[in-house]
Amino acid sequence: MAADAMDLEDLVPHRAPLLLIGAVRSADGEQCTTVTRVEPGAWYADPDGAMPGWFGLELMAQTIAAYSGSLHRGGGGAPGPGYLLGTRQYACDVPAFPAGSVLEVQARVQDADPGGLSLFACELRLGGVPLARAILKVFAPGSPP
């Protein structure tokens, strides 16, 4: 199913101002890619209007939520709850993402079990250049296999 044609709020439980991802660029059974613009006047912005680098982790988690939501919608169901259990190796090459920049986040399934536990390899890019990466472990009960 083409996730970019879906309303983002139909895929994730987050709402403004905590909904940080801006759009789903693509989603299928193995990955989801989202984009967001760093808004200089947003609640998270530092004095320069930038988004602190550690927010990359939340962008990755919301991308996984969009992935899960697209699977549920594709199967005719409604998105359910999901839980971030932890992360390994979050690495960010910059202290902050510049104001006005457009960030792309990809979450790719590394492992998933029918019970709802999944492992995702995530990468955040600016202009095609990787700036942050992590492995996230999530639990989403009732997720499609």
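Structure notes:
- Working note: Karplus 6.51/-1.76/1.60 with θ = phi - 60° gives the stretch 7-16 the couplings 6, 4, 5, 7, 9, 10, x, 6, 9, 4 Hz, where Gly and Pro are set to x.
- Normalised by the number of residues in the chain, the mean separation of alpha-carbon contacts (under 8 Å, six or more apart) gives a relative contact order of 25 percent.
- Stokes-Einstein D in µm²/s, Kirkwood radius over Cα pairs - the stretch 85-145 at 20 °C with 1.002 mPa s viscosity: 168
- Pairwise Cα inverse-distance average, inverted: Kirkwood Rh of the chain (Å): 15.1
Laboratory data are not the source of any read-out in this text; all were calculated from the coordinates shown. The shown structure was predicted, so the numbers you read here are calculated from the model rather than taken from an experiment.
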